[in-house]
Amino acid sequence: MTPNVCVVGAGAFVPSRRVSNARIAKAIPGWPAERIEEKLGIRERRFLWDFDEATGRAVPPPEDDGHFYPATNTDMCEVALRKALESSGVDAKQLDALFVVTCTPDAPHFNHDAMAVHQRLGLREDAFALLVDDGCGGTTYVLDLVKKMMDGGRFRTVAVVASAFTSPLVNREVYQDELPPGPGRAKTLQGYLSMYVFGDGAGAVVLQTKEDAPGGAGILASFSGNAHGDLVIRKGGGTLKLPYQPGRSRPADMAFVVDGFRVARSYPEYMQKCLDAMLSPRPDLKGEVKRYYFHQPNKRVMDAFVARAGLPTEAVACNVDLYGNTSAAGMLILLAEDLACGRVRLGGGDIVLVAAVGANIHYGAQLIRL
């Protein structure tokens, strides 16, 4: 019998600091608070770091004083994974691999955040630790990769952690600068939309192959794909855009700049591909899907897609209006919160569907019986 790849635990960390539209609009002027909610459906976001409204700059917590924890992206990932392991009953030394999916690592090189979490939790020396530089669609993309690896028998127990760490990026000079028009884009883009959209958070899931999964639990179907489009642009970084190379970079190059028009246009296209890949070959299961965990670019875009796809709104989990867009972490945070409150239950046979698209462009989906 082929073993099933099962979700055996999930965990999340979301900061307690609530940042209103009025506060962020004062720090990074662009839209008034009312317009942010009207256009994005976001009322507030959660930040780990605070910021100074007068200067429009992030305020780092005291460094290594032992009193502020979590304080970094690695810290958030650690908390989320510890919760996921606790809920699963899996010991960290059982993990064969750890994947950290983020585009906001504490340090961008040498797998820093993944290696740090590996060390903190005491994973085995032969357990893989990889940082995957990816955004909103990265989690489902990596989950598809992991499932294929586990189906091949190399891994038995794997953790996937995803995070977004926006609050240190708050900088008025950077996010009020403009990106000039480029190929395929006639309009100038400003970065302040990212400061209104994104929030901080981390989510984690533990997967394990089981020979005798109860009730046919496991990932019933998995899918991922690639396209090419600059939904979110960040020109800074890398050897071609180092900030100290005169004339090659500008403040906006260090910003994550959302192309709102492309996001709104591409989201329904690729999310529908995800739904079709999961449900068209399995029409008998469509009516059994209890919860949908989608990437949430903003509430208006997601609500429009849910209506267009004819999905029951009560079955679609949502927290973007209160947390902001938590990028790759969003779907795992939603799942962990539903498990914690008993909305769905591991071992209960509930069918859920996870789907996401983002960045440049990765997309993917999983149909899972919990």
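The values are calculated or read from the model by the stated rules, or taken from the named source; none is laboratory data. Just so you know, these numbers come straight off a predicted model, no measurement behind them. No Cβ is skipped: glycine too gets one built from the backbone with ideal geometry, and neighbour counts run over all protein chains shown. Side chains included, ligands, DNA and RNA excluded: accessible areas come from the protein's heavy atoms. Shrake-Rupley method; radii C 1.70, N 1.55, O 1.52, S 1.80 Å.
For segment 120-143, a residue qualifies if it is part of a strand (DSSP E or B) and open to solvent by less than 20 Å² (accessible area, probe 1.4 Å), and exactly one does: Ala129.
I'd like to check something: does segment 340-360 contain any residue that is within 25 Å of Ile233 (Cβ to Cβ), of a type outside the set (S, T, N, Q) and open to solvent by 20 Å² or more (accessible area, probe 1.4 Å)? Yes, the conditions are met somewhere in segment 340-360.
Within segment 214-230, is there a residue that is within 20 Å of the chain's Cα centre (by Cα), within 27 Å of Glu37 (Cα to Cα) and open to solvent by 30 Å² or more (accessible area, probe 1.4 Å)? There is at least one residue in segment 214-230 that is within 20 Å of the chain's Cα centre (by Cα), within 27 Å of Glu37 (Cα to Cα) and open to solvent by 30 Å² or more (accessible area, probe 1.4 Å). For segment 240-284, residues that are assigned to a helix (DSSP H, G or I) and either farther than 20 Å from Met195 by Cα or among the hydroxyl-bearing types (Ser, Thr, Tyr) (or both) total 17. Residue check: Val100 meets all listed conditions (1) touching a Leu at 6+ places or on another chain (Cβ under 7 Å); (2) more than 22 Å from Ala359 (Cβ to Cβ); (3) β-branched (Val, Ile, Thr) but one, namely (2). Filtered by the rule that a residue be in contact with a Ser or Thr (Cβ under 7 Å, 6 or more places away or on another chain), open to solvent by less than 20 Å² (accessible area, probe 1.4 Å) and in a helix (DSSP H, G or I), segment 144-169 gives Asp144, Met150. Here segment 231-263 is the region considered, the condition is being surrounded by fewer than 21 Cβ atoms within 10 Å (Cβ to Cβ) and of a type in the set (Phe, Trp, Tyr), and the residue that is farthest from Leu40 (Cα to Cα) is Tyr244. One residue is enough: does segment 32-54 have a residue meeting the conditions of a type outside the set (Lys, Arg) and modelled with pLDDT under 95? The answer is no; no qualifying residue exists. Here Val117 passes the criteria (1) of a type in the set (A, V, I, L, M, F, W, C); (2) part of a helix (DSSP H, G or I); (3) more than 19 Å from the chain's Cα centre (by Cα) except the one numbered (3). Of the residues examined, Pro61 is not one that is at pLDDT 95 or above, open to solvent by less than 70 Å² (accessible area, probe 1.4 Å) and either of a type in the set (Asp, Glu) or assigned to a loop (DSSP other than H, G, I, E, B) (or both).
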